[in-house]
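As structure tokens, the structure follows; a few thoughts come after it.
The values are calculated or read from the model by the stated rules, or taken from the named source; none is laboratory data. As the structure is a prediction and not an experimental result, all values here were calculated from the model. Neighbour counts are summed over all protein chains in view; Cβ atoms, including those assigned to glycine, are modelled from backbone coordinates with ideal geometry. Areas reflect the complete protein model, heavy atoms only, side chains present, ligands, DNA and RNA absent. Shrake-Rupley method; radii C 1.70, N 1.55, O 1.52, S 1.80 Å.
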Amino acid sequence: MIHTMPANVKKEAVAEIKGQFSDAENVLLVDYRGLSVKDISALRRKVTEAGGRLVVYKNTLVEIAMTELALPDLGELLEGPSAFVFTGDDPVAPAKALKDFSREHDALGLKGGLVQNQVLDSAALGVLAALPTREELLAKLLGTLQNPARGLVTVLSGPARGLVTVLDGAAQKAA
């Protein structure tokens, strides 16, 4: 016996999916087959901490929503069970979270994604996960920008330190 969703439920689900795709700048896909409910909850927490939202939708409804939004076809990425990770402008942190989780849980399969309207396969998703996060890049930039300022302060304080030393020596001689 085949169970089908009523048409109004499908329309509501497609509208929700379209909203998720419209709000997110990037979408990563994973195969969650073999993960326990506890594991999926842990994965969801890890993804949320990294700035993403993990949601499971029926692939056929996702295809309908993506077609209506004129997004690129994900093709083979939508084969088998899929969990979708919706991210903001930085897909790297959620991709790292997925990669780290997949190291601990062999059952999680990285499928690929849609990053800046470009379809990525699983290998490209792995490369994305290896990149530094936005926060890491900002920290490096800040460190690089602070180094010349530190050097300038040291150079400028040198003559003042020398003057204080000379004056201190003169004061001790006079006393």
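Eigenvalues of the alpha-carbon gyration tensor of the stretch 1-76, scaled by 5 and square-rooted, set the equivalent ellipsoid semi-axes at 23, 18, 12 angstrom, largest first. Note that the stretch 21-126 presents 49 Å² accessible area per residue, ligands and nucleic acids not counted, probe 1.4 Å.
At an R0 of 25 angstrom, the distance between the Cβ atoms of A123 and D100 translates into a FRET efficiency of 0.90. In this structure the amide hydrogen of K111, modeled in the peptide plane, comes within under 5 Å of the amide hydrogens of L29, V30, D31, none closer than 5 places in sequence on its chain. The slack between A139 and K38, meaning 0.36 nm per residue of separation minus the straight C-alpha distance, is 32.9 nm. Among the listed pairs K38/K96; K10/K96; K11/K99, those whose Cα-Cα separation exceeds 29 Å are K10/K96; K11/K99. Between S22 and T48, the distance separating the two model label sites (each 7 Å from Cα on the Cα→Cβ line) works out to 2.5 nm. The apolar share of the surface of the stretch 88-129, taken as the fraction of accessible area on carbon and sulfur atoms (1.4 Å probe, ligands and nucleic acids excluded), comes to 46 percent.
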